[in-house]
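Participant: Structure below; questions to follow.
The values are calculated or read from the model by the stated rules, or taken from the named source; none is laboratory data. Please read all numbers here as calculations on a predicted model, not as lab measurements. Neighbour counts are summed over all protein chains in view; Cβ atoms, including those assigned to glycine, are modelled from backbone coordinates with ideal geometry. Protein only, heavy atoms only, side chains kept; ligands, DNA and RNA dropped before computing areas. Shrake-Rupley method; radii C 1.70, N 1.55, O 1.52, S 1.80 Å.
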Amino acid sequence: MKRHVRGTVTSHLRTVSASLGVVVGGGALSHAQPAEPPGTNRLERLEKENQDLRQRLDALEAVAQKEGLLSSGSKADPPVAAMSEINLSGFVTTSYFHDSSKPPASLGHISPGYLWNRVNDSFSLNKVKITLASPAVQNNGDKFDAGFRVSLIAGQDAPIVNTKSGTTGFDFVREAFIELNIPIGTGLDVRAGELISLLNYESGDGGAANANFSQGYQWFFTGNPPGAGIQLGYKLTDWLDVKFRVQNGLYMGPIDNNSSKTFMGAIGIKPMEKLWFSLLAFGGREDAGFVQSLWGGSLLGGWQATEQLSFGTELDYFNFFNPPGSTPAGNSPVWSMGLWTTYDFTKKVGVAVRTEYLSDKDGVDASGGALGFRNPAGTGQDLTSVALTLNYKPVSTIKIQPEIRFDHTSWSGGFVPGEQNRVFYGAGISYLF
């Protein structure tokens, strides 16, 4: 409010000054043709009038500065100085896909466990994402620095990808955090707010950010959504860094139903410029309705083998625990593995293949209606998937992704009654800005 008033006063003062200048100039022009009366000095009279006006403006500015409406410096602060440094980015994604298993109307034509385009043979506005962010925080030991980042997503995928759709105030929030650099050693990075998961190789932004358009099973079932918490990060060397995070729960999003917390640690290793790994461990009490407590670990990695060829991997192990009387009770392991391969023929055309396998033998994770799966809790299944995607970028802002994907479930009940296999084919398009 103060900056707005300050800018308004400054503007009015300048307008008054300009108007008085016009009046003075106009007065000079209007008296240019008639001869001056004898005994008057026209130039001296104009100078005296200007001096009087200057004194009045100086007095007004002094009063404004005293009241805090203007800075004491020679120049007022721009009313939108902070906004001038904020970065705006995002994307819009839409698509159309067909499921060969043809989920019936009794299932709402929804393909169980499939991300994205869950409604068969339907045009989809998958995501509209808007990100506002300050300039990148400088992590070093020299000086304190601060910044922020806020991402909002709307569209068909929002209930799954966002922090906790349906929680008042968080329907469109993907992430929102404050970041600080504490000048200790090489710089302690502190993030507090709603934070994106550390466990996933794939981005929740889908095809706009990933080489494959559809999302893998690992992203949802052996990953986790954003959650509220605090994270500390520290770079030990050029090739080694560590992160430690405390958040409400692995699945509870912005608001927890208990006072217990989930703890997560990550070690980032970059032995070569084009090779990286991330080792993660996590654990904590959940009380999330389907699990009482949970612990596990993940390995993420990526390798840019050549300028055109790259590989990525994700290995996960989750141990779910539920008390006696629950379904299922006791310890239930869930593990998964995935491999991503991409090859760019040109800067505009490339292909991507994702292969993955997920085992949930006790039916604690991919069951009980999670993403529409029909196998009840306590009834396990193994999931296999292979996706082939063409990436075409005619211009830097457009990404077109035709894709064909094969899925298999070991459960005899199938994705839909009698169908343990299915094939998806279609295409998605994203505009990035």
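Participant: Report every pair of residues separated by at least 6 positions or lying on different chains whose Cβ atoms are under 6 Å apart, first residue within region 413-424 and farther than 13 Å from residue 114 by Cα, second polar (S, T, N, Q) and part of a strand (DSSP E or B).
Facilitator: 420/409
Participant: So in region 195-227, with the set limited to residues that are over 27 Å from residue 291 (Cβ atoms) and small (Gly, Ala, Ser), which one is surrounded by the fewest Cβ atoms within 10 Å (Cβ to Cβ)?
Facilitator: In this case the residue turns out to be 209.
Participant: Let me ask something additional. I'd like to check something: does region 320-331 contain any residue that is among the hydrophobic types (A, V, I, L, M, F, W, C) and assigned to a strand (DSSP E or B)?
Facilitator: The answer is yes; a qualifying residue exists.
Participant: Among the residues of region 102-142, write down those that are open to solvent by less than 70 Å² (accessible area, probe 1.4 Å) and either at positive phi or basic (Lys, Arg) (or both).
Facilitator: Matches in region 102-142: 108, 113, 117, 118, 127, 129.
Participant: Still on this model: Please verify whether region 266-280 includes one or more residues that are out of contact with any Pro (no Cβ under 8 Å at 6 or more places or on another chain), open to solvent by 50 Å² or more (accessible area, probe 1.4 Å), at pLDDT below 95 and basic (Lys, Arg).
Facilitator: Looking through region 266-280, none of the residues is out of contact with any Pro (no Cβ under 8 Å at 6 or more places or on another chain), open to solvent by 50 Å² or more (accessible area, probe 1.4 Å), at pLDDT below 95 and basic (Lys, Arg).
Participant: Which one is surrounded by the fewest Cβ atoms within 10 Å (Cβ to Cβ) among residues in region 348-370 that are at pLDDT 95 or above and assigned to a loop (DSSP other than H, G, I, E, B)?
Facilitator: Looking at residues that are at pLDDT 95 or above and assigned to a loop (DSSP other than H, G, I, E, B), I get 348.
Participant: May I ask you to list pairs of residues, at least six apart or on different chains, whose Cβ atoms are under 7 Å apart, with the first in region 129-145 being within 30 Å of residue 156 (Cα to Cα) and the second being acidic (Asp, Glu) and modelled with pLDDT of 95 or more?
Facilitator: Short answer, once both residue conditions are applied: 129/205.
Participant: Determine, yes or no, whether residue 314 is buried (at least 21 other Cβ atoms within 10 Å of the Cβ) and of a type outside the set (Ser, Thr, Tyr).
Facilitator: yes
Participant: Can you confirm whether region 371-383 contains a residue that is open to solvent by less than 50 Å² (accessible area, probe 1.4 Å) and in a helix (DSSP H, G or I)?
Facilitator: yes
Participant: Count, please, the residues in region 170-194 that happen to be surrounded by fewer than 19 Cβ atoms within 10 Å (Cβ to Cβ) and in contact (Cβ under 8 Å) with a residue 40 or more places away in the chain.
Facilitator: Final tally of qualifying residues: 7.
Participant: Consider region 153-197. How many of its residues are in contact with a Ser or Thr (Cβ under 8 Å, 6 or more places away or on another chain) and aliphatic (A, V, I, L, M)?
Facilitator: 3
Participant: Shifting gears a bit: Restricting to region 285-296, and then to whatever is modelled with pLDDT of 95 or more and open to solvent by less than 20 Å² (accessible area, probe 1.4 Å), can you tell me which residue is farthest from residue 335 (Cα to Cα)?
Facilitator: Per the criteria, the residue is 294.
Participant: Restricting attention to region 143-169, report how many residues are part of a loop (DSSP other than H, G, I, E, B), open to solvent by 30 Å² or more (accessible area, probe 1.4 Å) and of a type outside the set (D, E, K, R).
Facilitator: Adding up the residues that qualify gives 8.
Participant: Given (1) open to solvent by 50 Å² or more (accessible area, probe 1.4 Å); (2) within 22 Å of residue 163 (Cβ to Cβ), where does residue 306 come up short, assuming only one miss?
Facilitator: The one condition residue 306 does not meet is (2).
Participant: Output the number of the condition that residue 329 fails; it satisfies all remaining conditions of (1) more than 26 Å from residue 308 (Cα to Cα); (2) surrounded by 22 or more Cβ atoms within 10 Å (Cβ to Cβ).
Facilitator: Unmet for residue 329, out of (1) more than 26 Å from residue 308 (Cα to Cα); (2) surrounded by 22 or more Cβ atoms within 10 Å (Cβ to Cβ): (2).
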